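Structure first, commentary second.
The values are calculated or read from the model by the stated rules, or taken from the named source; none is laboratory data. What you see is a predicted model, and the numbers here were worked out from it, not measured in a lab. We place every Cβ from the backbone using ideal geometry, glycine too, and count neighbours over all the protein chains shown. Please note that ligands, DNA and RNA were not included when accessible areas were found on the heavy atoms of the full protein model with its side chains. Shrake-Rupley method; radii C 1.70, N 1.55, O 1.52, S 1.80 Å.
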Amino acid sequence: MHRLATALLCACAALPVLSHAQEAQRPEVATAATALQSKLVDWRRDIHQHPELGNRETRTAALVAEHLRSLGLEPKTGIAHTGVTAVLKGGRPGPKIALRADMDALPVTEQTGLPFASTVTTTYRGEPTGVMHACGHDAHVAILMGVAEALVGMREQLAGEVLFVFQPAEEGPPDDEDGGASMMLAEGIFRDFKPDAIFGLHVFSTLQAGQLGVRGGPLMAASDRFNIKVTGRQTHGSRPWGGIDPIVAAADLIGSAQTIVSRRTNISELPAVVSFGAIKGGIRYNIIPDSVELVGTIRTFDEDVRSDIFADLKNVAEHVAAAHGATVEAQVPDATGNPVTVNDPALTARLLPSLQAVAGAENVVETPLNMGAEDFAYYAKEVPAMFFFVGATAAGKDPATAPSNHSPQFDLDESALDLGLRAMLQATLDYLDTPAG
Ligand SMILES: [Zn+2]
Ligand SMILES: [Zn+2]
């Protein structure tokens, strides 16, 4: 990881709007951050101690709505199950921006030992489990509640309008339910308020607390699942010629599928991954089974590469199976996956000085491509977007080995709340104050 490359800085310098960007942290941002510091910690700990899974964020949503009401806003609730939005109109004309936080927790049993650790339990896909804010969405909610309070306090001087988006089910809705960013959009949040841009942030263990990470263009991967069923004909293990062996066909298929990324995808431009996660077939040593089921994931950073890999995997599956005399049902992908999260390059370059102003230029890094997926991608397909990362690993701990997001030991350094708030506020105010170039 290195400091933001000159390419991004040059793109930035080419934009005339850069000269309007604030080089230093705005005094109103510093004042608001100081005033809100302990509230942010309290909110985050409260939400952390009461985590809720996707589409079940009723307590969190009520807390958010109550806070927004207390600020004099008129929140809309129950969007995409438990989502909350509110619009703040500034005292001066200006652009429209949306700011998004995700609210859901994960089926993870917390092992942080924190005094406010979650003790919530539930049943998930038939298994008993704890529930934990193991991805840091508790911090995202607290930060956006703070941003709302700060911006309401600046209402008269504020240019333009701000839509606050508190979104459920970023990690995916429960089976057989719809949810998340795509559902918020389907329910019309951008029909009622079409923003000129949207910002979002995510806390990550892979960055040190005090650091921000961003990059223009593709940032987080498209994530798609596939399901391939290879069907042969069951026979005795001693008489393979009496049937069609789907295990050998599946093994061949898995081997051949490795060539899709290694031989057919231009990985000099952007990486891609095809991984098999589970193989299910057979029950006994001397029975060749009738069928084998394979499931896995595809990660890509470009929509064309994404659709090419879908076609290639289907093609390999069908033809390799056919070569063995087996048949195949290939669902590639088997459900709607998240698209690539793409940061608008011009917007990201334009707001880079805002991030540098609050964190210090040396603490803003060009983050590597992240193979994880984010449903923020759906908003970024609708309007220019900037999604950035906030370091979560405390000083003295190594981000390379610190328990990562989704780990039961994921431990957020709470200074990330303050930096996240200041970054979001500074970027928002800079954006609203500067006419688009
Ligand atoms: Zn997550
Ligand atoms: Zn997350």
Any residue at all in segment 138-148 that's open to solvent by 10 Å² or more (accessible area, probe 1.4 Å) and within 18 Å of the chain's Cα centre (by Cα)? no
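Select, from Thr428, Thr348, Thr434, the only residue that is within 28 Å of Thr297 (Cβ to Cβ), β-branched (Val, Ile, Thr) and either crowded, with 18+ Cβ neighbours inside 10 Å or more than 16 Å from ligand 2 (Cβ to nearest atom) (or both).
Working: Thr428 fails: within 28 Å of Thr297 (Cβ to Cβ); Thr434 fails: within 28 Å of Thr297 (Cβ to Cβ).
After ruling out the rest, the residue left standing is Thr348.
Does Ala416 meet the test of being within 16 Å of ligand 1 (Cβ to nearest atom) and touching a strand residue (DSSP E or B) at 6+ places or on another chain (Cβ under 9 Å)?
yes
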For residues in segment 260-280 being closer than 17 Å to Phe226 by Cα and in contact (Cβ under 8 Å) with a residue 40 or more places away in the chain, which is most open to solvent (accessible area, probe 1.4 Å)? Val273
Kindly check whether there is at least one residue in segment 357-374 that is open to solvent by 50 Å² or more (accessible area, probe 1.4 Å), closer than 27 Å to Phe276 by Cα, away from ligand 1 (no atom under 16 Å from the Cβ) and in a helix (DSSP H, G or I). no
Which ones in segment 386-401 are more than 18 Å from His137 (Cβ to Cβ) and open to solvent by less than 10 Å² (accessible area, probe 1.4 Å)? Met386
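Tell me, which helices (runs of 4 or more DSSP H) wholly within segment 155-267 include 1 or more residues that are more than 16 Å from ligand 1 (Cβ to nearest atom) and closer than 26 Å to Leu313 by Cβ? Walk me through it before giving the result.
Details: elements: 181-186, 189-192, 246-259.
Because the criterion is at least 1 residues that are more than 16 Å from ligand 1 (Cβ to nearest atom) and closer than 26 Å to Leu313 by Cβ, the helices (runs of 4 or more DSSP H) in segment 155-267 that meet it are 181-186, 246-259.
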Out of segment 271-289, which residues are outside any strand (DSSP E or B) and within 39 Å of the chain's Cα centre (by Cα)? Pro271, Ala272, Gly281, Gly282, Ile283
Could you identify the single residue in Thr58, Thr77 that is of a type in the set (Val, Ile, Thr) and either touching a residue at least 60 places away in the same chain (Cβ under 8 Å) or closer than 26 Å to Ala380 by Cβ (or both)? Thr77
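Every residue in segment 355-379 that is away from ligand 2 (no atom under 16 Å from the Cβ) and either without any contact (Cβ under 8 Å) to a residue 40 or more places away in the chain or more than 14 Å from Gly216 (Cβ to Cβ) (or both), please. Show your work before the answer.
Initially, segment 355-379 is screened for residues away from ligand 2 (no atom under 16 Å from the Cβ), giving 355-366, 368-369.
Passing the criteria: Gln356, Ala357, Val358, Ala359, Gly360, Ala361, Glu362, Asn363.
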For segment 385-402, pairs from a residue that is over 18 Å from Leu419 (Cα atoms) to a residue that is of a type in the set (Asp, Glu), with Cβ under 7 Å and 6 or more apart or across chains, are Ala385/Asp344
